[in-house]
Structure formats: C-alpha cells, structure tokens
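Some notes on the structure that comes next.
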Amino acid sequence: MSETAPPELLASTLLAPLAIDVVSVQSQVIYGRVGNNVAVPTLQSAGLSVAAVPTVLLSNTPHYPTLHGGAVPIDWFSGYLEDLDARGALASLRSILVGYLGGPAQAQALADWIGRMHERHPDLHVQIDPVIGDHDTGVYVDPAMLPVYQKALLPMAHGLTPNGFELERLSGRPTNTIEGAIEAARTLLVGHTQWVAVTSAAPESWADGRMRVAVVSRDDAQVVEHERVDAAPKGTGDLFSAVLNVELLAGAPLLDATRHACARVVDAVGATHRAGSAELLLPTVG
C-alpha cells in the first residue's frame, strides 16, 4: 500500500473483520415481531453472530390499518450481499437463513449468491422458509415467485420449512392428509435439499387442541405433534425456522431440533396469549 494512503485506511487493513455465523435474509418491520425482528434476537440469544439482510422494510405488518414502506430495491439488495463478502465477513459463515422475499428478482439474485457461497463453504447450511401464503389468506406474494422458488432457489437449500398451503403450491400435489403431505414434500428433495419440515401439516388430521409437523428426509418421514394454542400472532413461522436453525447448528438431530422448535413456538404463543399482546413475545433460546 502506498505510504501516502490515509491513516484510517491503513488502520482498517490491520483490523480483523467481524466474523458472521449466520446471514438472515428476511423482512424487517419498524414495529412488530416478524422476519428478522424475530430471527435476529433468537439467533443472537444462542451466541451466534448474525448479519440481517432486509428484503422489505415496512412500518408494520399489513394487517394493521396503515402501512408504509416496501421492497428493498434490487440493486440495494444485491449490494448488501456483495458488500458482506467485500468486507471479509463471511470467511467462517455457517448458515444462511431465508424467509420472506420482496419479489422474483430478489429470489433469483439470492439463488445466484447462495450458489457462490456453496462453492466456497462446502459445509454451509442453507435453510429456506418459502413464504407464499396460507390457507386463511391465500397467496400473498407475486405469483411469479413460484417458478423462481421451484427452479432456482429451493434446490439451493439443505432444508425447507413450508407450511401445508405452501407445500401444496410448490409441489402441485394435494396435502390434506399426512400421507399426501409426505409424498408432496418428497418432490422437493432435489438439488442440495435433504429435508422438509412441513408446519401446520394436514389440518384435517389434527386431534382437538393439537397440531402436526411432518418431517421428511430422503430416507425417513416422521410426524411431530404439539399443542395448539388458541392464538395466532404473526411471526410464529419465523420463530420456528430460527430456533430450528439454532438447534441444527448446535448439532441436534433433525427430529429433536423440530420438537424443540415446536416447543419454543408453543411457549411463545402461550406467553403472548396470556399477556394479551398484539405482537409475538419471544422466548429465550437455551
């Protein structure tokens, strides 16, 4: 480096970059508990260093009477990802956690970036929640997201956490029974994908006060049943995915990790309901 370089530039080359364990690519709200507002504190409470990449920046979730903000421009979004690498922060990257995306262009750019990360980090864990919609709301993303998910992004993931509605849309198969959900999940086991954890799986099969998660891998399929709390705060899927990511990075088997994530969500929803809170109250991961 030239002897005439500014002192601050000389100093910066001698400092180690902040090492990032997890890049969490999700929505961000000013008020509320969804997306990165859920994932980041959950991951950090487990001692993980997190870089939060926003896909949309909103004042709050759309179910409130006012809403401001929107999708992050694609040049900003791509730049966020590239600048993490340019800062040297990803040398020890362990996981990429993906939630709500702002549109097809973001999904394609993210798929391309994850492909490059796979080449450099053979042991990288990629976990994607393909947020598309739900039975009570229908599809609430750009319909053009679906083929990008199917062809480009989902095969980049080691694990997927769709709900039953999203699984049906992605697979094109009926998922109203547990057997159907398992068969549909198996169609997504392509590329890097090793497992699918289907939340709110086959509601018609639930016993009173219970819910089910279908955990499907290449050589196994199991069902995890858990309590159903009479409350539905936003962000429970984001919490499930974040806790599952924490458990898997800690070395837990997939089925155990799923059971733990379900228990954490039930605890959080119960605490939220008892407190009469309008937004999800987060548990401490441990």
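Considering the stretch 185-212, and only residues there that are closer than 29 Å to GLU119 by Cα and in a helix (DSSP H, G or I), the residue that is least open to solvent (accessible area, probe 1.4 Å) turns out to be ALA185. Scanning the stretch 156-184 for residues that are in a helix (DSSP H, G or I), under 29 Å from HIS121 (Cβ atoms) and small (Gly, Ala, Ser) turns up just one, SER171.
One line per residue, one yes/no per condition, for (1) in a loop (DSSP other than H, G, I, E, B); (2) closer than 24 Å to VAL38 by Cα; (3) touching an Asp or Glu at 6+ places or on another chain (Cβ under 9 Å):
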{"position": "TYR80", "(1), (2), (3)": "no, yes, no"}
{"position": "SER92", "(1), (2), (3)": "yes, yes, yes"}
{"position": "GLN106", "(1), (2), (3)": "no, yes, no"}
{"position": "ILE114", "(1), (2), (3)": "no, yes, no"}
{"position": "GLU119", "(1), (2), (3)": "no, no, no"}
{"position": "GLN127", "(1), (2), (3)": "no, yes, no"}
{"position": "ASP142", "(1), (2), (3)": "yes, yes, no"}
{"position": "PRO147", "(1), (2), (3)": "no, no, no"}
{"position": "ALA152", "(1), (2), (3)": "no, no, yes"}
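Quick one: how many residues across the stretch 231-260 are free of Cβ contacts under 8 Å to residues at least 24 places away in the same chain and assigned to a helix (DSSP H, G or I)? Looking only at that region, the number is 4. Restricting the stretch 3-48 to residues that are at pLDDT below 95 and hydroxyl-bearing (Ser, Thr, Tyr) leaves a set whose member that is surrounded by the fewest Cβ atoms within 10 Å (Cβ to Cβ) is THR4. Of all residues being surrounded by fewer than 20 Cβ atoms within 10 Å (Cβ to Cβ) and among the aliphatic types (A, V, I, L, M) in the stretch 54-67, which is farthest from the chain's Cα centre (by Cα)? Just the residue, please. Once the filter is applied, the top-ranked residue is LEU67. Return the residues of the stretch 122-144 that are modelled with pLDDT of 95 or more and of a type in the set (Asp, Glu); say none if nothing qualifies. Residue satisfying the conditions is ASP129 alone.
Filter the stretch 112-130 down to the residues that are closer than 15 Å to LEU188 by Cβ, aliphatic (A, V, I, L, M) and touching a residue at least 40 places away in the same chain (Cβ under 8 Å) and list them by number. If the condition is that a residue be closer than 15 Å to LEU188 by Cβ, aliphatic (A, V, I, L, M) and touching a residue at least 40 places away in the same chain (Cβ under 8 Å), then VAL126 is the only one that fits. Within the stretch 145-171, track down each residue that is modelled with pLDDT under 95 and either hydroxyl-bearing (Ser, Thr, Tyr) or exposed (fewer than 15 other Cβ atoms within 10 Å of the Cβ) (or both). Answer for the stretch 145-171, where residues must be modelled with pLDDT under 95 and either hydroxyl-bearing (Ser, Thr, Tyr) or exposed (fewer than 15 other Cβ atoms within 10 Å of the Cβ) (or both): there is none. Restricting attention to the stretch 233-263, the residues that are among the charged types (D, E, K, R) and open to solvent by less than 40 Å² (accessible area, probe 1.4 Å) add up to 2. Taking each residue of the stretch 90-108 that is on the phi > 0 side of the Ramachandran plot and looking for partners that are in a strand (DSSP E or B) and open to solvent by 10 Å² or more (accessible area, probe 1.4 Å) with beta-carbon atoms closer than 8 Å, six or more apart or interchain, yields GLY103/ALA71.
The values are calculated or read from the model by the stated rules, or taken from the named source; none is laboratory data. Just so you know, these numbers come straight off a predicted model, no measurement behind them. As a convention, Cβ positions derive from the backbone with ideal geometry for all residues, glycine included, and neighbour counts pool all protein chains shown. Areas reflect the complete protein model, heavy atoms only, side chains present, ligands, DNA and RNA absent. Shrake-Rupley method; radii C 1.70, N 1.55, O 1.52, S 1.80 Å.
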